[in-house]
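Peer 1: What follows is a single structure, and I will ask about it in a moment.
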Amino acid sequence: MTIALQDIEKQVAAAIAAQDRRDTAPRTNVIIAVQNPELGRHLSDEMGQDPSVAGTVVHGPLADVLMSDDLELDRIDIIAFEVGTDAEADFAALKRVEDMLTCPQFIAVSTRPLPDDIRNAMLDCGVHDMLVVKPGQSADHAERAPQEPPRDIPSPATGPETTLPEEIRNDGDMVAAGHGDVTVMLRARGGAGASTVAVNLAAAIAQESKPGSTALVDLDIQNGAIALMLDLPDSDQATRFVRGDVIPDAAFLDDAMARHASGLDVLTAPDVFAPLSAISPQDMVTLISALKTRYDNIVIDMPQTIVDWMDPVLANASRVLVVSDMSLPSVRRTRRLIDLIAEEHMTLPIKVVMNFEKKPLVTTEAHKEAAQLIGRPLIHWIPADARATKRAVDLGRPVIISGKRSGPARAMVALKKTLFASAARG
């Protein structure tokens with residue numbers, strides 16, 4: 001699953017790969033809104049290489065595209081738009097559609113690196129991913145160039161063979177050494193609340209474990225929010241890791257893991273913006289080996305984008321949680337994500353967590369249809385409580401500690417008990 005950061009077509013195709021292999025699978029509808037004709041041609045060429053993607057390139061700012069009478073948002077999966085010179089107009093356009101449950105996924109595209117304030121504002125407006133694209137540069141070259149290590153620094157790719165043992169499964173997946181139990185957190189969409197669930201699940205595990213035996217790892221290296229939720233700094237050591245300056249072994253963990261008051265050891269996201277392609281699969285095997293050797297339980301929060309180093313993470317997982325909600329786009333993407341995982345990791349337990357909604361006393365037709373589309377029962381529900389969640393972030397503490405009696409806290413403690421009771425029975 002090698003995916004170039006700049007390759008829109010491959011990013012879309014990978015997210016629905018399992019379903020697209022079927023002749024009857026629906027196509028992913030994509031709109032690309034650009035003001036730079038060269039950028040439009042580049043993205044159109046990339047997108048057109050996959051028959052599973054049905055897309056249209058339109059010229060003009062995002063605001064004009066969203067106001068078009070011909071645009072049916074409920075029929076569009078992705079809108080990739082060029083960030084214009086008038087960023088405020090883009091923000092206003094996004095604000096107008098942010099409350100629509102059926103709105104598509106938005107991806108911001110720029111030909112130049114975006115300032116942090118623009119990036120943060122885009123995320124606040126509901127943008128799911130941000131890509132820097134150079135139209136005159138091939139996707140393969142663009143993926144490799146940023147991760148070239150300095151000539152005087154040895155590449156960490158050869159390190160794991162001499163520093164940590166590893167096994168190789170018959171199916172080719174690399175399984176890291178160590179005994180630790182790994183829970184991987186994925187999201188059906190940006191803003192699904194996966195990081196909040198990851199923080200609270202890890203904290204719930206830590207409450208019943210000895211201090212320092214539970215790790216929480218933020219691998220959303222571009223948009224990681226765990227540091228903010230726990231009032232911890234972004235990690236300069238994680239930055240060194242993604243730049244290839246260190247081997248992510250036991251010595252790395254000594255410097256990189258921060259002890260939180262909840263008893264969690266936390267690896268926060270890098271303190272600089274890094275391309276998702278900066279981490280290699282072999283780097284990830286080394287990191288997971290070190291984590292599994294040191295910790296009894298590890299909770300890993302993943303980025304929304306499918307990347308090639310996702311494979312070794314899943315190969316070492318005990319379970320995967322996909323955090324979703326009841327909106328139709330989220331339900332559809334949950335199924336596609338499950339299909340993608342199951343095709344290569346058939347025995348890996350995958351659970352769906354429906355966020356922002358209380359567990360229904362009576363199953364409605366909408367709930368039945370969602371469960372049927374996803375292909376598994378909807379058992380785990382986390383109710384919304386904006387006040388308790390905001391207070392938890394303000395205090396830098398998990399909601400299961402700062403708001404023990406709130407609905408989300410109780411639901412997440414119950415989630416932990418159910419998951420690990422099932423693991424014990426299995």
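The values are calculated or read from the model by the stated rules, or taken from the named source; none is laboratory data. As the structure is a prediction and not an experimental result, all values here were calculated from the model. Don't worry about glycine lacking a Cβ; one is built from the backbone with ideal geometry, like all the others, and counts go over all protein chains shown.
Peer 1: In the range 1-84, which helices (runs of 4 or more DSSP H) lie fully inside it and hold 2 or more residues that are modelled with pLDDT under 80 and buried (at least 16 other Cβ atoms within 10 Å of the Cβ)?
Peer 2: Counting at least 2 such residues, we get 8-15, 17-20, 37-47.
Peer 1: Does at least one position in the range 109-122 carry a residue that is at pLDDT 80 or above and over 27 Å from residue 194 (Cβ atoms)?
Peer 2: So far as the range 109-122 goes, yes, one or more of its residues are at pLDDT 80 or above and over 27 Å from residue 194 (Cβ atoms).
Peer 1: In the range 211-233, what residues are closer than 22 Å to residue 186 by Cβ and more than 16 Å from the chain's Cα centre (by Cα)?
Peer 2: 214, 215, 228, 229, 230 - these are the residues of the range 211-233 that are closer than 22 Å to residue 186 by Cβ and more than 16 Å from the chain's Cα centre (by Cα).
Peer 1: Tell me, which residue of the range 287-326 that is charged (D, E, K, R) and under 9 Å from residue 182 (Cα atoms) is surrounded by the most Cβ atoms within 10 Å (Cβ to Cβ)?
Peer 2: 292
Peer 1: Another one. Of the residues 382, 400, which is over 22 Å from the mean Cα position of the chain (by Cα), in the same structural domain as residue 299 (by TED's automatic domain parsing) and within 14 Å of residue 201 (Cα to Cα)?
Peer 2: Going through 382, 400 in turn, just one is over 22 Å from the mean Cα position of the chain (by Cα), in the same structural domain as residue 299 (by TED's automatic domain parsing) and within 14 Å of residue 201 (Cα to Cα): 400.
Peer 1: Name every residue in the range 114-130 that is touching a residue at least 24 places away in the same chain (Cβ under 8 Å) and closer than 17 Å to residue 272 by Cβ, in order of residue number.
Peer 2: Within the range 114-130, 114, 116, 118, 119, 123, 130 meet the criteria.
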